[in-house]
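Trainee: Take a look at the following structure, please.
The values are calculated or read from the model by the stated rules, or taken from the named source; none is laboratory data. None of the values given here were measured: they were computed from a predicted structure. Every residue, glycine as well, gets a Cβ built from its backbone with ideal geometry; the counts of neighbours run over all protein chains shown.
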Amino acid sequence: MTRTEPNRSSKSDSENSGGGGGGTTAMRVIVPLQGVVQGRGGLFLGSVIPCAFFYFLQFYLKRNRKNEPDSGEPSPDSDPSSGSPDPTRSQSVGNLTELASLPRSLSRILLSPRLSGGAVSISGRAGCVLKGGDSPYHVGQKRVEEDPYDESGNPDGVIELGSAHNTKMDWVSEDPGEAISDGLCMSGIASYEPSHGLIELKTAVAGFMSEATKNSVSFDPTQIVLTSGAASAIEILSFCLADSGNAFLVPTPCSPGYDRDVKWRTGVDLIHVPCRSADNFNISMLVLDRAFYQAKKRGVRIRGVIISNPWNPTGTLLSRENLYALLDFARERNIHIISNEVFAGSVHDEGGEFVSMAEVVDTEENVDRERVHIIYDLSKDLSFPGLRTAAIYSFNESVLSASRKLTTLSPVSSPTQHLLISAISSPKFVQRFVKTNRERLMRVYAELVKGLKELGIECTRSSGGFFCWVDMRGFMSSYSEKGEIELWNKLLNIGKINVIPGSCCHCIEPGWFRLCFSNLSERDVPVVMNRIRKVCETCKSQNCFFGI
Amino acid sequence: MGLPLMINNDDNNNNKVELSRVAVSDTHGEDSPYFAGWKAYDENPYDESHNPSGVIQMGLAENQVSFDLLESYLEKKNPEGSLWESKGSRGFRENALFQDYHGLKTFRQAMASFMEKIRGGKARFDPDRIVLTAGATAANELLTFILANPNDALLVPTPYYPGFDRDLRWRTGVRIVPIHCDSSNHFQITPEALETAYETARDANIRVRGVLITNPSNPLGATVQKKALEDLLDFCVRKNIHLVSDEIYSGSVFNASEFTSVAEIVENIDDVSVKERVHIVYSLSKDLGLPGFRVGTIYSYNDNVVRTARRMSSFTLVSSQTQHMLASMLSDEEFTEKYIRINRERLRRRYETIVEGLKKEGIECLKGNAGLFCWMNLGFLLNTNTKEGELELWDVILKELKLNISPGSSCHCSEFGWFRVCFANMSEKTLEIALKRIHEFMDRRRKVLNC
């Protein structure tokens with residue numbers, strides 16, 4: 001490409017050559033070409049020729065490049081739960097390109113000329129799912145699987161403090177005879193039953209949910225839809241309340257699971273609304289409002305807010321005022337509220353009062369009740385993770401109707417339903433179970449907090465659920481996400497405990513960690529403390545970043 | 001993340017909050033005759049003693065013919081198979097606590113061995129390639145999410161199971177482009193039909209991502225021929241697309257030698273780029289008659305698909321209690337061998353009973369060799385050779401004969417007058433009654449015609 005002198009002489013000259021007011025970069029391409037076709041429709045050809053080159057190049061590349069997995073909807077959040085450093089991310093991408101370069105074989109098949117690549121591709125959605133597998137959430141889980149702690153069998157194993165199993169409630173020993181009927185009859189459980197749950201089980205679940213609110217709310221079984229787990233419940237609601245391209249507001253820190261449950265298959269996005277330690281991680285309505293309007297300005301339609309109560313990961317209980325404020329907010333913007341109340345039955349703070357969103361809307365107009373949807377999970381409160389039964393509770397008949405149909409894709413199996421019916425239908429059993437559960441959690445939590453304090457570690461006050469939201473900012477080598485991941489690595493590899501770093505929960509401040517204590521007995525707490533102490537000492541000796 | 005939307009002025013108070021397009025669409029298909037008949041049955045169900053003139057349900061493909069075998073195994077024979085009595089409360093605890101989306105290894109091994117047995121050992125299944133889902137419905141939807149983007153298409157031969165309209169399309173946003181098959185060659189898939197379907201999609205600017213077949217076919221009740229499968233795989237390789245084979249009725253083929261699974265064809269292929277486009281769906285609902293258990297699987301030769309499916313199965317997991325319960329049963333070689341053999345035999349007898357009974361009335365069925373239903377041709381009874389004509393006849397059969405059968409149009413059949421009639425979800429006595437009602441109807445009709 002030749003460049004003629006006059007066009008390089010001055011900026012004003014360039015502009016006069018009529019580049020049409022484009023950016024300076026565009027100028028640098030167009031102007032020299034205009035020199036080439038000077039005087040003969042220069043501007044037109046000067047624009048058309050580079051465009052033609054560009055498209056021809058694209059076409060050429062497309063015909064000749066190997067098939068790669070599509071990234072149909074590349075969203076900036078395609079690695080939602082990944083707080084991991086780059087090396088792990090590129091590793092998974094490496095796997096994908098590896099697949100794409102498998103040798104093409106002709107075998108006995110006539111290949112059409114269009115067959116440009118060997119490997120058949122998968123969808124954009126699948127691609128995102130594959131990429132996200134190297135986050136600390138998954139890496140930690142894997143380590144626990146490979147080397148699980150056992151008091152007698154493997155005392156040096158990795159202690160699982162990442163996920164919410166409630167393994168210590170041995171309710172079978174509570175009173176198995178009463179809790180479970182003997183021998184479930186096969187013919188009663190083998191045939192097709194409504195995928196959204198048997199009415200007997202819904203009634204039992206409604207009873208359980210009421211018990212969790214200390215009977216201040218009476219839940220109607222006909223407003224319950226059962227499905228195979230909380231992940232499915234959240235996903236079903238996401239499909240029902242929002243279209244692809246819309247978004248939900250989520251105050252953070254939040255459950256790491258939302259990135260999967262809300263986003264993976266629905267095309268719905270999450271807009272994180274940060275809460276700060278200075279506010280005790282309480283939701284600021286002002287910040288929520290601002291996030292709403294910023295989204296609106298960008299052209300993103302907000303369909304709802306997702307809250308959890310008791311809060312995951314902080315364990316906070318939302319006050320009545322909080323809930324009313326949220327309802328007002330939702331009403332004014334005409335959006336939904338998804339209230340994730342999976343830990344409702346695990347309130348362990350005697351002074352704490354759990355208020356369900358159901359109670360708040362009890363006295364409201366229909367038009368407001370219809371915007372509230374509650375998720376409840378039997379697996380959390382009953383230590384039944386393997387049995388996979390969660391509930392959607394809604395006042396909105398259309399949502400219930402759509403959800404019921406959607407549960408054909410994620411139903412609870414009949415034997416499980418029947419088992420649960422006999423287990424939780426006895427009110428006496430339920431009350432006793434809930435009480436014992438709470439007391440146990442309370443004791444373990446108290447021990448844990450005490451132990452952490454001795455190490456100089458604070459946590460937010462957790463009133464419900466299985467988590468401790470722990471402040472380890474003082475032990476990071478740098479006040480950054482990188483520092484947080486380094487510390488997480490130390491906790492996992494030196495301390496051999498698996499905790500969830502705040503970045504997985506989208507916490508805007510680095511240095512916070514989610515510690516799940518439902519797996520611990522009081523005896524385990526000192527073991528955990530020792531492990532943490534080991535890591536803290538390592539940090540101190542490496543001159544970690546101290547104080548904020 | 002989608003186009004910038006025009007913001008609706010919906011900020012004012014007292015507005016009813018809106019739901020999504022998915023929630024309000026009717027892609028769930030539950031308003032079709034396929035499901036409407038079920039409602040009629042629910043309202044007036046046949047019962048031998050209490051309601052002998054009620055509606056007989058012949059629209060539900062459920063297998064109750066071999067239920068006694070299951071019952072005797074689970075309730076008497078083997079304590080391991082009972083709900084938690086193995087190892088007492090500790091056993092229960094293990095069940096309740098296990099929640100890994102990989103699924104119990106013993107259960108996956110049992111499933112693999114069961115699937116091998118059904119195919120007479122002609123194909124091997126690797127337990128690590130098995131992904132568990134809560135039913136075949138979920139498995140089909142999951143595969144669709146994984147293999148196709150919204151607005152892409154899967155090619156599906158007609159007639160097909162009405163549920164696919166929901167399972168493959170509703171939430172996924174993926175389309176179905178039909179591969180038209182007709183009675184001239186017993187509804188077999190031809191290479192020409194495949195090409196036509198593919199071109200149709202291409203002309204409409206729709207990207208085809210795969211072909212989904214059911215083998216044995218629902219609603220035809222017939223297996224896909226080996227040659228047709230090989231041609232199909234060739235086609236998929238040529239177009240560089242996936243092949244999903246829903247083999248949910250594989251254990252219900254009357255004669256084992258007549259069934260060729262796509263797994264057998266792939267077994268002899270070393271080329272990974274060919275193998276990794278093949279995926280099989282299976283479930284215990286039909287062969288074992290355990291629909292309530294909601295156990296489905298995806299078996300894929302593609303590592304990425306296995307990995308992704310496993311993660312996505314978080315939304316549709318099988319309870320560990322169910323897995324544990326079935327693991328011991330499915331790995332019991334003696335039991336499974338006996339069950340498969342006897343089940344096939346009973347289904348064959350039922351099929352022969354109904355087909356012969358219909359033949360006596362001058363009603364022909366497609367020659368079938370598998371499944372829980374027969375594909376009946378009532379074209380000669382239609383007033384008009386149209387969809388309306390077919391639905392009119394269907395309505396008469398439902399209201400007058402009180403038989404709920406499934407009209408071919410709900411299966412997207414391109415010819416009118418075909419109906420799917422299920423025969424395995426009732427006792428032999430009930431089947432006789434159903435045939436009697438048909439006989440009476442045809443008798444009345446003959447008398448009217450002879451007047």
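Trainee: Tell me which of these B:F164 doesn't satisfy, since it passes every other one: (1) farther than 19 Å from B:Y249 by Cα; (2) surrounded by fewer than 24 Cβ atoms within 10 Å (Cβ to Cβ).
Mentor: Every condition holds for B:F164 apart from (1).
Trainee: A further question on this structure: Run A:E321 past the list (1) at pLDDT 95 or above; (2) not in a strand (DSSP E or B) and report the number of the one that doesn't hold.
Mentor: Just one mismatch for A:E321, condition (1).
Trainee: Something else now. For the structure I just gave you, tell me whether A:E484 is under 26 Å from the mean Cα position of the chain (by Cα) and not assigned by the TED database to the domain that holds A:R260.
Mentor: yes
Trainee: Looking at this structure, is A:R531 in contact with a Gly (Cβ under 8 Å, 6 or more places away or on another chain), of a type in the set (D, E, K, R) and not in a loop (DSSP other than H, G, I, E, B)?
Mentor: yes
Trainee: Another question about this same structure. Which residues, counting only those in the stretch A:409-464, are buried (at least 24 other Cβ atoms within 10 Å of the Cβ) and more than 14 Å from every other protein chain (Cβ to nearest Cβ)?
Mentor: A:L441, A:Y445, A:S462, A:G464
Trainee: Oh, and also: How do the pairs read when you match residues in the stretch B:314-339 that are within 15 Å of B:G296 (Cβ to Cβ) and within 11 Å of another protein chain (Cβ to nearest Cβ) with residues anywhere that are among the β-branched types (V, I, T) and surrounded by fewer than 20 Cβ atoms within 10 Å (Cβ to Cβ), using Cβ under 9 Å and keeping only pairs 6 or more apart or on different chains?
Mentor: B:Q323/B:T106
Trainee: Let me ask something else. Residue by residue through the stretch B:362-398, note down the ones that are acidic (D, E) and under 30 Å from B:F259 (Cα atoms).
Mentor: Result: B:E364, single match.
Trainee: Moving on. Looking at the stretch A:383-430 only, could you name the residues that are part of a loop (DSSP other than H, G, I, E, B), modelled with pLDDT under 80 and of a type in the set (F, W, Y)?
Mentor: A:F384
Quick grid of which residues meet (1) of a type in the set (D, E, K, R); (2) in contact (Cβ under 8 Å) with a residue 24 or more places away in the chain; (3) under 22 Å from A:R438 (Cβ atoms):
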position	(1), (2), (3)
A:K297	yes, no, no
A:V300	no, yes, no
A:T314	no, yes, yes
A:Y324	no, yes, no
A:L327	no, yes, no
A:F343	no, yes, yes
A:D349	yes, yes, yes
A:L382	no, yes, yes
A:S394	no, yes, no
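Trainee: Something else: Quick one: in the stretch A:379-408, of everything that is facing chain B (nearest Cβ under 7 Å) and under 27 Å from B:L168 (Cβ atoms), which residue is surrounded by the most Cβ atoms within 10 Å (Cβ to Cβ)?
Mentor: A:R388
Trainee: Counting only residues that are surrounded by fewer than 24 Cβ atoms within 10 Å (Cβ to Cβ), within 12 Å of chain B (Cβ to nearest Cβ) and assigned to a helix (DSSP H, G or I), how many does the stretch A:356-378 have?
Mentor: 4
Trainee: Enumerate the helices (runs of 4 or more DSSP H) found wholly within the stretch B:1-110, keeping only those where 2 or more residues are at pLDDT below 80 and more than 9 Å from chain A (Cβ to nearest Cβ).
Mentor: B:33-43
Trainee: Yes or no: the stretch B:277-293 includes at least one residue that is free of Cβ contacts under 8 Å to residues at least 60 places away in the same chain, over 18 Å from B:N140 (Cβ atoms) and touching a Leu at 6+ places or on another chain (Cβ under 9 Å).
Mentor: Scanning the stretch B:277-293, I find no residue that is free of Cβ contacts under 8 Å to residues at least 60 places away in the same chain, over 18 Å from B:N140 (Cβ atoms) and touching a Leu at 6+ places or on another chain (Cβ under 9 Å), so the answer is no.
Trainee: Here is a follow-up. If a residue must be outside any strand (DSSP E or B), at pLDDT 95 or above and of a type in the set (D, E), how many such residues does the stretch A:267-295 contain?
Mentor: 1
Trainee: Continuing with the same structure: If we scan the stretch B:155-176, do we find a residue that is without any contact (Cβ under 8 Å) to a residue 40 or more places away in the chain and hydrophobic (A, V, I, L, M, F, W, C)?
Mentor: Yes, that holds for at least one residue.
Trainee: Return yes when A:S123 is at the interface with chain B (Cβ under 9 Å from one of its Cβ atoms) and modelled with pLDDT of 80 or more and no when it is not.
Mentor: Yes; evaluated as a whole, the condition is true for this residue.
Trainee: Looking only at residues that are in a helix (DSSP H, G or I) and free of Cβ contacts under 8 Å to residues at least 60 places away in the same chain in the stretch B:111-126, which one is surrounded by the most Cβ atoms within 10 Å (Cβ to Cβ)?
Mentor: It comes out as B:A112.
Trainee: Also, I was wondering about something else. Inside the stretch A:337-355, can you point out the residues that are in a loop (DSSP other than H, G, I, E, B) and aliphatic (A, V, I, L, M)?
Mentor: A:V342, A:V355
Trainee: Is the stretch B:309-325 home to any residue that is farther than 27 Å from A:H138 by Cβ, assigned by the TED database to the domain that holds B:V211 and out of contact with any strand residue (DSSP E or B) (no Cβ under 7 Å at 6 or more places or on another chain)?
Mentor: Yes: the stretch B:309-325 contains one or more residues that are farther than 27 Å from A:H138 by Cβ, assigned by the TED database to the domain that holds B:V211 and out of contact with any strand residue (DSSP E or B) (no Cβ under 7 Å at 6 or more places or on another chain).
Trainee: I'd like the full set of residues that are touching an Asp or Glu at 6+ places or on another chain (Cβ under 7 Å) and under 20 Å from A:A390 (Cα atoms), limited to the stretch B:303-340.
Mentor: B:F315
Trainee: Give all pairs with beta carbons closer than 6 Å in which a residue from the stretch B:230-248 that is facing chain A (nearest Cβ under 7 Å) meets a residue that is in a loop (DSSP other than H, G, I, E, B) and surrounded by fewer than 19 Cβ atoms within 10 Å (Cβ to Cβ); count only pairs at least 6 apart in sequence or on separate chains.
Mentor: Cβ pairs passing all conditions: B:D234/A:I109; B:V237/A:I109; B:R238/A:S112; B:N240/A:L115.
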